[in-house]
Amino acid sequence: GGGGGGGGGGAVPHRLPALFDGVGVQAALKLAIDEAVDDAGVVRDSASDGLGEVRFAKRELAAAVRKSLAELVAKKGDSVLANRLPTLRADRFVLQVVAKQKHRVPGVVRDVSGSGQTLFIEPKEVEGANTKLRQLAKREQTLVRAVLQALSKRVGAPAVALELEALHSAVTKVDLAAARARYAAAVGGVPVRFSDHRAEGVALQGLLHPLLLQPAPSEPVERGDVVAQDYELPPHVRAIVITGPNTGGKTVALKNLGLAVLMAKAGLWPVCSEPRGRSLSADASPSAVAAVPWFDAVMADIGDDQSLVQSLSTFSAHVARVRSILQRV
């Protein structure tokens, strides 16, 4: 579908910094979060009174339990144990004991292996310490939850939430603009001038298909094997017919133009090489090789689409799509 007016001429002021005008950056809130939560998302010991002491006591007690279990392992030997390394079951330190030797390790069975040949037994020597460890862990969770709830309450305050939403919107727009700029720099894109469709039409010289140029973001940009295409459609031309042999590039030509139009509308610079037959001087305007009208919509009927459910043949499916397109233009 075609559409209106030009957007050329004149310098356009840089609008990105203005996005942050009047938007609160919430420096105090950021500082409070940084002081309470580390880069890994773990609440810091200093974030709450008593949290550091609880964690210290937990570490000391866990070390004592491991020492006791190591002594038991040394006494029992390999014939009793399926594995000499203590492990955790239900947040309690246990030993991995051969099922037939369970009588050799008095304690509580906390788990059984899938084969049934290994029992995870909590020796009675560490049962009290394990219980104390669980109590300390629950106390730690309570203190951590209180810190996170306080921060969440600050973030969720109506005035703060509105400012954060505005800040998120501004940062997203800047991030998208930066991404578009990085893409243009990576592939060598050129800016597009939106021309007046009544006076200029389409002018894209040496246009390269972006997916042929770089099939995936992880792959390098390769210009050498991509055939450039020139598009020059005068303003009075309302329809064109492309003919040629199979595998002659007709579909690629259509898709290339459609992608270029959509990219331009999205602020992505298409890739235009130097026009064939003449060189583009260093001080030449990029709009000399990239100008398109502002198209209201891009609609396509490409490829085969059969549906046994809807009783559509390949031809009738094409007709249905073309009818839908004609109803919009």
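Some notes on this structure:
- Annotation: amide H of residue 195 within the under-5 Å range of 7, 292, 294, sequence separation 5 or more or interchain, hydrogens built in the peptide plane.
- Per-residue ³J(HN,Hα) for region 227-238, Karplus 6.51 cos²θ - 1.76 cosθ + 1.60, θ = phi - 60°, Hz, x for Gly and Pro: 7, 7, 10, 9, 10, 9, 10, x, x, 7, 7, 9
- Amide H contacts of residue 207 (H built 1.01 Å from N, under 5 Å, at least 5 apart or other chain): 229, 230, 231, 273
- Note on surface exposure: 315, 295, 93 rank 315, 295, 93 by accessible area, highest first, 1.4 Å probe.
- Debye-sum result for the chain in log10 I(q)/I(0), which assumes one identical scatterer on each alpha carbon, at q = 0.10, 0.13, 0.15 Å⁻¹: -0.81, -1.02, -1.24
- Calculated FRET efficiency for the pair residue 301/residue 28, C-beta based, R₀ 56 Å, to 0.05: 0.50
- Net charge of neighbours whose Cβ lies under 14 Å from the Cβ of residue 76, counting Lys and Arg as +1 and Asp and Glu as -1: +3
- Positive contributions from Lys and Arg (+1) and negative ones from Asp and Glu (-1), summed over other residues with Cβ under 11 Å from the Cβ of residue 104, come out at +4.
- Each residue of region 138-151 was assigned a 3J(HN,Hα) from its phi angle through the Karplus curve 6.51 cos²θ - 1.76 cosθ + 1.60 (θ = phi - 60°); the sequence is 5, 5, 4, 4, 5, 5, 5, 4, 5, 4, 5, 5, 5, 5 Hz, with glycine and proline shown as x.
- CD proxy at 222 nm, helix term only [per DSSP H run n ≥ 4: -39500 (n - 2.57); per residue of the chain; nearest 500]: -13500 deg cm²/dmol
- Accessible surface, per residue, of region 116-215 when the full set of protein chains is kept, probe 1.4 Å, Å²: 55
- Residue-level accessible surface for residue 35, protein heavy atoms, 1.4 Å, Å²: 110
- Residue 63-residue 242 pseudo-label distance in nm [points 7 Å out on the Cα-to-Cβ vector]: 7.3
- Each Cα pair under 8 Å and six or more residues apart adds its separation to the average, and for the chain the resulting relative contact order is 21 percent.
- If you plug the beta carbon distance of residue 154 and residue 251 into 1/(1 + (r/R0)^6) with R0 = 56 Å, you get a FRET efficiency near 0.50.
- Converting phi to 3J(HN,Hα) with the Karplus coefficients 6.51, -1.76 and 1.60 and the offset θ = phi - 60°, region 315-329 yields 5, 5, 5, 4, 4, 4, 5, 4, 4, 4, 5, 5, 5, 8, 9 Hz in sequence order, with x at every glycine or proline.
The values are calculated or read from the model by the stated rules, or taken from the named source; none is laboratory data. These numbers come from a predicted model, not from an experiment. Heads up, the Cβs are rebuilt from the backbone with ideal geometry, glycines too, and the neighbour counts pull from every protein chain shown. Quick note on the areas: whole protein, heavy atoms, side chains included, nothing else; ligands and nucleic acids left out. Shrake-Rupley method; radii C 1.70, N 1.55, O 1.52, S 1.80 Å.
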